[in-house]
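The values are calculated or read from the model by the stated rules, or taken from the named source; none is laboratory data. Values in this document were obtained by computation on a predicted structure and should not be read as measured data. In this analysis, Cβ positions are derived from the backbone assuming ideal geometry, glycine residues included, and neighbour counts consider all displayed protein chains. What goes into the accessible areas is simple: the full protein's heavy atoms, side chains included, and nothing from ligands, DNA or RNA. Shrake-Rupley method; radii C 1.70, N 1.55, O 1.52, S 1.80 Å.
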Amino acid sequence: MGVVKVEHLPVLPYGRQSIDEDDIAAVVAQLRGDWLTQGPAVAEFEAALSKATGARYAVAVSSGTAALHLACLAAGVRAGDVGITSTVTFVASANAIRYAGGRPSLVDVDAATGLVSIPALEACVSGLAAAGKPPKVVIPVDLTGGVADLPAVKELADRVGAMVIEDAAHSLGASYAHAGKRYRAACAVHSAMAILSFHPVKHITTGEGGAITTNDERLYRRLLDLRTHGITKDATRLTRNDGPWYYEQQELGFNYRITDLQCALGTSQLRKLDGFVSRRRELAARYDRAFGALNQHVVPLATREGVESSYHLYVLTLRPRSGESLDQLATRRRELFLALRKENIASQVHYIPVHRQPDFIRSGFADGEFPAAERYYSGCISLPLFPKMAEADVDRVVDAVRRAVAG
């Protein structure tokens with residue numbers, strides 16, 4: 001393998017925000033205005049999110065994790081309830097069920113896409129129902145910008161009266177086809193609610209922030225209450241009214257509010273969403289073409305049929321060698337990760353399966369329960385992908401991968 005001098009090369013992160021002067025001006029204008037929080041910029045951002053996703057309602061909150069938590073509460077998850085999610089996800093997807101008092105049940109994935117396996121989900125739903133403990137919620141995860149098979153998930157959930165919460169933290173701007181129609185990620189047509197994340201590496205950013213979308217007015221009203229301590233000022237719901245200042249806490253809620261500063265940034269960012277997604281697709285296509293010549297060594301993560309990915313991440317998987325164990329595959333992935341780091345390329349791994357986390361092992365999960373997730377995890381690596389990347393940056397990454405895997 002040749003030696004590449006990298007002292008002069010900048011570090012390429014696996015993802016980063018794209019902020020321009022319009023974004024800065026939007027935040028500065030908000031700072032010069034009357035509202036820093038709980039003002040009109042929040043409603044403006046929520047309206048823009050509804051338009052971008054096609055959902056009737058959007059509730060902006062302080063993080064994607066807060067969005068998951070509130071969605072589980074609004075779905076009625078309580079102590080003793082069970083919720084299902086994929087084991088290949090960030091831990092928040094499972095933790096939100098626990099925050100609400102429930103118990104997460106994990107399911108395996110399709111190793112080619114990283115998305116929830118519908119046969120595995122069906123077995124889990126049926127098994128829980130047969131045991132007299134049908135799930136309260138099912139949380140399919142849209143991984144890397146692809147979209148889970150939401151119609152199939154909804155069909156399974158409907159059989160047992162479970163509510164579907166689409167974890168669309170990775171898929172803003174993506175779409176999927178069903179029955180001759182195309183639907184946007186987080187439109188909440190094949191789910192009761194969907195959640196979004198606006199962390200800096202996502203498609204748009206508010207710094208930290210998230211949102212829940214829904215088409216159900218009852219859920220929408222409840223989410224608004226839960227976001228702000230369970231408090232309402234709605235005169236039609238008050239048990240008494242001492243005057244114009246009066247409010248009531250009618251259930252235990254949280255301070256999961258987002259600020260007007262964040263929403264001003266978010267609204268400005270949303271205006272550029274189509275351009276961001278288009279650029280991500282261009283860069284992903286360049287990766288795909290280049291790695292086609294290395295297909296005996298590596299395989300890009302597959303996109304489910306009918307899905308137009310928004311490519312939050314570009315995941316490459318190492319092709320297993322004949323007779324190679326998963327431990328050996330994982331060792332090669334580690335070597336690739338370190339080789340890229342030596343060339344100032346900051347890759348990442350998405351994700352360590354939830355069932356491998358010590359906190360979940362103590363809850364009874366163990367290696368071997370999720371073979372496809374183990375195969376996926378052992379060979380996956382996320383390569384740099386963000387809108388401000390140049391074609392030369394992609395070529396630099398491809399060349400580094402080629403040197404590492406092909407010699």
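What to note about this one:
- Ala400 being more than 28 Å from Ser93 (Cβ to Cβ) and over 26 Å from the mean Cα position of the chain (by Cα): yes
- Every residue from the range 194-244 that is of a type in the set (A, V, I, L, M) and without any contact (Cβ under 8 Å) to a residue 40 or more places away in the chain: Ile231, Ala235, Leu238
- Screening the range 294-304 for residues that are closer than 24 Å to Ser278 by Cβ and in contact (Cβ under 8 Å) with a residue 40 or more places away in the chain and picking the one that is surrounded by the most Cβ atoms within 10 Å (Cβ to Cβ) gives Leu301.
- Leading residue by the ranking (surrounded by the most Cβ atoms within 10 Å (Cβ to Cβ)) among those in the range 367-398 that are touching a His at 6+ places or on another chain (Cβ under 7 Å) and part of a loop (DSSP other than H, G, I, E, B): Phe370
- Screening the candidates Val91, Val141 for the property of being open to solvent by 20 Å² or more (accessible area, probe 1.4 Å), within 30 Å of Pro320 (Cβ to Cβ) and of a type outside the set (Lys, Arg) yields one hit, Val91.
- Being under 30 Å from Val160 (Cα atoms) and either open to solvent by less than 10 Å² (accessible area, probe 1.4 Å) or within 23 Å of the chain's Cα centre (by Cα) (or both) is a property that does not hold for Gly80.
- For the range 221-244, a residue qualifies if it is open to solvent by less than 50 Å² (accessible area, probe 1.4 Å) and among the acidic types (Asp, Glu), and exactly one does: Asp225.
- For Glu155, the test of being open to solvent by 50 Å² or more (accessible area, probe 1.4 Å) and charged (D, E, K, R) is passed.
- Wholly enclosed helices (runs of 4 or more DSSP H) of the range 259-355 bearing at least 1 residues within 19 Å of the chain's Cα centre (by Cα) and under 21 Å from Thr113 (Cα atoms): 273-291
- When the range 176-186 is filtered for residues that are among the hydroxyl-bearing types (Ser, Thr, Tyr) and open to solvent by 10 Å² or more (accessible area, probe 1.4 Å), only Tyr183 remains.
- Sole residue being open to solvent by less than 20 Å² (accessible area, probe 1.4 Å) and either among the aliphatic types (A, V, I, L, M) or in contact (Cβ under 8 Å) with a residue 40 or more places away in the chain (or both), chosen from Ala131, Ala52, Ala71: Ala71
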